[in-house]
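The values are calculated or read from the model by the stated rules, or taken from the named source; none is laboratory data. From a predicted model like this one, the values you see are computed outputs, not experimental measurements. Heads up, the Cβs are rebuilt from the backbone with ideal geometry, glycines too, and the neighbour counts pull from every protein chain shown. These accessible areas exclude ligands, DNA and RNA; they are computed on the full protein's heavy atoms, side chains included. Shrake-Rupley method; radii C 1.70, N 1.55, O 1.52, S 1.80 Å.
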Amino acid sequence: MIGIRGVGANVPDFRSGSEGELAQLRERFDRDHCVRMDGFLDPELRERIIAGVEEASFYERSHGDIGLEGCMEANSTLATLLLAANDERLFRVIREITGCGPIGCFDGRVYRLEPGGEHHDSWHSDMADNRMIAMSLNLSREPYAGGVLQIRKRDSEEIVHEEPSPDPGDAIFFRIDESLRHRVTAVGGEVARTAFAGWFKSSPSFADVLRGGGWSA
């Protein structure tokens, strides 16, 4: 199984899947521009991460006409997630599944869409800052209503793929391309949609980020 496990305090370790599993994921991605990895976070690490998120502070973050969300303040939980997502072994798997070019880094944040309020996400492409593949990792402890990822062609209103809400610790990976648009539908009910989300980017390299290049997300 492909995913990330915890091997100690704040130390993640990446595990790869079989050739057969990778081939199935590659076929789904080619067809749907999107693929879901169940159990991407193992249960122990998932519970540790979700507990850290639940204790964290969030602030309102606007993306202009695209959307409004709650964004988690930088903390040790975010640092653990970014370290895990910037594993070279994960980069190799993402390239094999998606066919994207060389990956320099993963750049992301933890965000929250509250139900019944002003939080929203509109159709957009994410085509900026050397982004190639997007990832959304579900960090909601309980099931939420709505909050479905939808993908359509740029010049059509027809939905080409709709990904059901994942279980806690599941990850969704989808293509960033000028010909595509995506959005997350409104969240209903009483449970917020919380996710670690961002992009695998061609540059900068993770080494440059650690040397002080900084993030653009």
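The chain: percent of C-alpha pairs farther apart than 27 Å? Write down the numbers at each step before the final one.
On the way: 6264 of 23436 pairs.
For the chain, the share of Cα pairs beyond 27 Å comes to 27 percent.
With θ taken as phi - 60° and the coefficients 6.51, -1.76 and 1.60, list the Karplus ³J(HN,Hα) couplings across the stretch 135-149 in order, rounded to whole Hz; mark glycine and proline as x.
Couplings: 10, 10, 10, 5, 10, 7, 6, 10, x, 10, 9, x, x, 8, 6 Hz.
Can you give the accessible area per residue of the stretch 55-143, in Å², using a 1.4 Å probe?
45
Would you kindly find the accessible area of Arg193, with a 1.4 Å probe and non-protein molecules such as ligands, DNA and RNA excluded, rounding to the nearest 10 Å²?
For Arg193, solvent-accessible area is about 10 Å².
Could you please state how large a percent of the accessible area of the chain is carbon and sulfur, counting protein chains only and using a 1.4 Å probe? Provide the component values of the computation, followed by the final result.
On the way: 4750 of 9970 Å².
Answer for the chain: carbon and sulfur cover 48 percent of the accessible area.
Hey, with R₀ at 35 Å, roughly what FRET efficiency would Glu158 and Val11 work out to, going by the Cβ-Cβ distance, to 0.05?
It comes out at approximately 0.20.
Could you work out the local net charge near Glu190, counting Lys and Arg as +1, Asp and Glu as -1, over the other residues with Cβ closer than 15 Å to its Cβ?
+1
Return the distance in nm (one decimal) between the two label points of a simple spin-label model at Ser122 and Glu19, each offset 7 Å from Cα along Cα→Cβ.
A separation of 4.8 nm, rounded to one decimal place.
Only loop residues by DSSP count here, and only those with at most 15 other Cβ atoms within 10 Å; note down the GluC sites (Glu not before Pro) in the stretch 48-130 that meet that. Kindly include the intermediate steps, with their values, before the conclusion.
Working: sites: Glu54, Glu55, Glu60, Glu69, Glu73, Glu88, Glu96, Glu118; in loops: Glu55, Glu73, Glu118.
Here the sparse-neighbourhood loop sites are Glu55, Glu73, Glu118.
Using 0.36 nm per residue of separation minus the Cα-Cα distance, give me the extension gain between Ala207 and Met1 in nm, one decimal.
Numbers: separation 206, 0.36 × 206 = 74.16 nm, distance 2.75 nm.
Contour length minus Cα-Cα distance gives 71.4 nm.
Once amide H atoms are placed 1.01 Å from N in the peptide plane, what residues at a sequence separation of 5 or more from Leu180, or on another chain, have their amide H within under 5 Å of its amide H?
For Leu180, whose amide H was placed from the backbone, the distant partners under 5 Å are Arg154.
Apply the a/c threshold of 1.5 to the C-alpha gyration tensor of the stretch 21-74 and tell me whether it is rounded, prolate or oblate.
oblate
Testing the spin-label approximation: label points 7 Å from Cα along Cα→Cβ at Glu54 and Asp32. State their distance in nm.
Output for this residue pair reads 2.9 nm.
In whole angstrom, how far apart do the alpha carbon centroids of the stretch 130-201 and the stretch 58-127 sit?
10
Report the GluC sites (Glu not before Pro) located in the stretch 152-217 that are in a DSSP loop and have at most 14 other Cβ atoms inside 10 Å of their Cβ, or state none.
Sites meeting the loop and neighbour criteria: Glu157, Glu158, Glu178, Glu190.
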